[in-house]
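Following: one structure in structure tokens, then a few remarks.
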Amino acid sequence: MEFKLKPISKSSIPEAISKVDLYRALNEPEEAESICRDILATDPENQLALRLLGLCLTDQFTGSGTDRYAEAENIFDSLADPYERLYYSGLLYERRAKAQLRAGHLPHTLLPLFEKAMHHFEEAEKIRPPDNDDALLRWNRCVRLLQSRLGSEWIREIEAFEAHDTPPT
């Protein structure tokens, strides 16, 4: 027996988008991802579906080598709006760092990811739409997370790594 995907109609896309939001809220990112792929099969340039697909992928990050980081990065890089490209790329780095933090990765490997996230949020802030402080909110979350960690064992581990990794003068 051959199984074949069935296309959805263009007129059903708004309802499908609402289902993506529902499944993401229910912490079922694989279901949401599948719906995004159905939408994109019907409307490949749908910016909302692309953005949501990238978010669905980042929702699934575990901090392991099997995370589909490159796929999410390509999706966010394909967004048409420059602000969205920067903001969602920042979110990608932030979520990758947080997933790796939960997985127990060493601080010296996480700090560059947070720094990249914050750089993207800072650039997004410069071109943000009026009354949109999302990039600032994400920046502040990164700062708070780093402040809560850098006063602990993180600072010692990072300093030890940097001392060991610095070439002699």
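The values are calculated or read from the model by the stated rules, or taken from the named source; none is laboratory data. This one's a predicted model, so the numbers in the text were calculated from it and none came from an experiment. Glycine gets a Cβ as well: all are built from the backbone with ideal geometry, and neighbour counts include every protein chain shown.
If residue 58 meets every condition in (1) crowded, with 22+ Cβ neighbours inside 10 Å; (2) of a type in the set (S, T, N, Q); (3) not in a helix (DSSP H, G or I) apart from one, which number is that one?
Checking residue 58 against (1) crowded, with 22+ Cβ neighbours inside 10 Å; (2) of a type in the set (S, T, N, Q); (3) not in a helix (DSSP H, G or I), the one that fails is (3).
With respect to residue 66, is the statement that it is within 23 Å of residue 23 (Cβ to Cβ), modelled with pLDDT under 95 and not assigned by TED's automatic domain parsing to the domain that holds residue 7 true?
Considered against the rule, which asks whether it is within 23 Å of residue 23 (Cβ to Cβ), modelled with pLDDT under 95 and not assigned by TED's automatic domain parsing to the domain that holds residue 7, residue 66 comes out as yes.
Looking at the structure I just gave you, is residue 92 more than 18 Å from residue 55 (Cβ to Cβ), surrounded by 17 or more Cβ atoms within 10 Å (Cβ to Cβ) and not β-branched (Val, Ile, Thr)?
Spelling it out, it is not the case that residue 92 is more than 18 Å from residue 55 (Cβ to Cβ), surrounded by 17 or more Cβ atoms within 10 Å (Cβ to Cβ) and not β-branched (Val, Ile, Thr).
Residue 16 passes all but one of (1) surrounded by fewer than 22 Cβ atoms within 10 Å (Cβ to Cβ); (2) assigned by TED's automatic domain parsing to the domain that holds residue 149; (3) small (Gly, Ala, Ser); which number fails?
So residue 16 meets the others, but not (2).
Each row is one residue, and each column tells you yes or no for (1) within 17 Å of residue 55 (Cβ to Cβ); (2) modelled with pLDDT of 95 or more.
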site	(1), (2)
77	yes, yes
116	no, yes
120	yes, yes
140	no, yes
144	no, no
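Would you please name the residue that is farthest from residue 57 (Cα to Cα), looking only at residues in the range 20-41 that are of a type in the set (D, E, K, R) and buried (at least 17 other Cβ atoms within 10 Å of the Cβ)?
38
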